[in-house]
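A quick write-up on the structure given underneath.
The values are calculated or read from the model by the stated rules, or taken from the named source; none is laboratory data. The structure displayed is predicted, hence computed values, not measured ones. Quick reminder, even Gly has a Cβ in these numbers, built from the backbone with ideal geometry, and neighbours come from all protein chains shown. These area figures cover heavy atoms from the full protein model, side chains too; ligands, DNA and RNA do not enter into them. Shrake-Rupley method; radii C 1.70, N 1.55, O 1.52, S 1.80 Å.
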Amino acid sequence: MSADTPGPAESAPQDSSGGGAGSSAGRNVESSPASADGPDLDYRFTLAGERTFLAWIRTALGLLAGGVAVHELVQPFGHHDIRSVLAISCIVLSAVIALGAFGRWRLVGAAMREGRPLPNTVMVPILAIGIAVIAMLAGIGLLLS
């Protein structure tokens, strides 16, 4: 080897992800420098967590809009109370999903920084049961009208 050619130990590692010199795509989380909150995470995982959080927020906003629409636009059922209960159920489920999304986002971020497995979520069963309850309330309202 000549003095100008780097040897095997001196050559720069190849980034197989195609991300270039500034990319963190091939970076190992354990070998990266630790920040105040833990190791520097691969930006793709951080952005994926944010996208998931935003998807839950969109769901919560849809439920909120549905609750307001039921209250303001739906013709009163035979019993006015069912319409109000249906609207309030949508709005309460919206708040639960929004708060749960924030908590989940924080738990997942902490688990990734600490190298732990991702925690299980209760958000999916809460949403499924909540939507089922809202659907039953709407069905009862239709039957009684």
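How many of the residues in the range 43-90 are within 18 Å of Gly139 (Cβ to Cβ) and among the polar types (S, T, N, Q)?
Residues meeting the conditions: 3.
Residues to consider are Val108, Val68; find the one that is open to solvent by less than 30 Å² (accessible area, probe 1.4 Å), part of a helix (DSSP H, G or I) and modelled with pLDDT of 90 or more.
The unique qualifying residue is Val108.
For the condition polar (S, T, N, Q), under 13 Å from the mean Cα position of the chain (by Cα) and in a helix (DSSP H, G or I), what is the one hit in Thr52, Thr121?
Exactly one residue qualifies, and that residue is Thr52.
Return the only residue of Ala95, Ala55, Ala128 being modelled with pLDDT of 90 or more, out of contact with any helix residue (DSSP H, G or I) (no Cβ under 6 Å at 6 or more places or on another chain) and within 24 Å of Leu41 (Cβ to Cβ).
Being modelled with pLDDT of 90 or more, out of contact with any helix residue (DSSP H, G or I) (no Cβ under 6 Å at 6 or more places or on another chain) and within 24 Å of Leu41 (Cβ to Cβ) holds for just one of Ala95, Ala55, Ala128, which is Ala55.
Quick one: count up the residues across the range 111-139 that are open to solvent by less than 100 Å² (accessible area, probe 1.4 Å) and either free of Cβ contacts under 8 Å to residues at least 12 places away in the same chain or farther than 22 Å from Gly62 by Cβ (or both).
Final tally of qualifying residues: 12.
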